[in-house]
1. Which values of log₁₀ I(q)/I(0), to two decimal places, follow from the Debye formula for region 47-110 at q = 0.16, 0.17, 0.23, 0.28 Å⁻¹ with a uniform point scatterer at every Cα?
2. I need 92, 99, 64 ordered by Cβ neighbour count within 10 Å, fewest first.
3. For region 59-113, which GluC sites (Glu not before Pro) are in a loop by DSSP, counting at most 13 other Cβ atoms within 10 Å?
4. Report the one residue of 111, 75, 64 whose Cα lies farthest in the direction of the positive end of the charge dipole of region 54-113 (charges on C-beta: Lys and Arg +1, Asp and Glu -1; origin at the Cα centre).
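Derivation of every value follows stated rules applied to the coordinates shown; laboratory data play no part. Please read all numbers here as calculations on a predicted model, not as lab measurements. Positions of Cβ are backbone-derived with ideal geometry, glycine not excepted, and every protein chain shown enters the neighbour counts.
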Amino acid sequence: MKVKSFLTLAAMSICAALLCLSGDARALPHPLSRLSDAYQQHQDPSPRLSTFTGTITKNGDEFVLNEAATHMLYQLDDQETAAKFRDKKVKVTGTLDVVENLIRIQSIAEAAA
């Protein structure tokens, strides 16, 4: 009898909680929406060019861009070109692959001081 009462009470509590949240829950973004956006961008046949400003630094065996504004590290697809700008402030133009956190470089130029 106690188990049945407990299960009934638990089921009623869950239903009540779901009813209370049902109006607000629709306004919340789906937890996988950011992943879905990243997947969509990864599948986009015509990725958009973006400009990133920061410093080319060495991270382990690879050169990365340490973006000035966010201090995010981005992998770079053209290591040979990136090596020429080691420890310099640069402006990188390219497309960002958000899934791999990789900038596909179109151009790198030294940024104005």
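1. -0.40, -0.46, -0.88, -1.37
2. 99, 64, 92
3. 100
4. Result: 111.
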